Amino acid sequence: MTNHQHFIIHKPFGYLSQFVNNQTKRKNKKLLGTLHPFPEGIMAIGRLDETSEGLLLLTTDGKVSEQVRSKIVEKEYYVQVDGAITDEAIQHLKHGVAITVHGKKYTTIPCQAYLLNPTPSFAPRTKKIRDERHGPTTWISITITEGKFRQVRKMTAAVGFPTLRLVRVRIGDISLGDLSPGKVVKVTVFGFLDRQ
């Protein structure tokens, strides 16, 4: 029997959610493997794109990866959007919006969405988002159980408030908490899987 290993990481801005770079056009990209000496066979469960930050679960167990990516596990994101978002836009997000996924129209399933007040106090991002002189921004929480390609970004754009910063703060009952960017914590098991 293989002793699988599991980790929780705060993926920083500017990193790819992968360990091996097999694409020549990405030769100068930052990979997760530079943050910690991970074991062979490690994989990210789901992905956060290069410009997204926050909670990422890593495992050497493919079965665990499938369970976490299933539609029964919630993923919560704190999203900074361009503009002062309206109640109408938040209601639209909750009920499902039309986005395009790999060239096909798709309507997102209903989700949880609400205005964050007070706003979260994340450390400043390594690349500045934009100057306050360009108008207001708003932080909202979006919790989904699906995970289409760049889904949350497409959802906020669909209601007229493009995403400026995206931080995943929770997967199931595992929270990012005060884990700082780039930090890695080894865990014995992802507890919420035992209760599915």
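Only bridges whose two residues both fall in the chain count here: according to DSSP, what percent of them are antiparallel, nearest 5?
On the way: 38 of 42 bridges.
Taking every DSSP beta bridge with both residues in the chain, the antiparallel ones total about 90 percent.
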Next item on the list: For Val169, enumerate residues with amide H under 5 Å from its amide H, sequence gap 5+ or separate chain, H modeled in the peptide plane.
Entry: Leu55, Glu76, Tyr77, Tyr78
Checklist line | Range in the chain, longest, excluding exposed trypsin sites (Lys or Arg not before Pro) [loop by DSSP; at most 12 other beta-carbon atoms within 10 Å] | finding: 131-196
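Would you mind ranking His92, His102 by Cβ crowding within 10 Å, fewest neighbours first? Could the numbers behind the result be given before it?
Working: His92 16, His102 7.
Final ranking by Cβ density, sparse to dense: His102, His92.
Rule-based calculations on the coordinates, nothing more; no lab input. None of the values given here were measured: they were computed from a predicted structure. Counting neighbours? That spans all protein chains shown, and the Cβs are built from the backbone with ideal geometry, glycine included.
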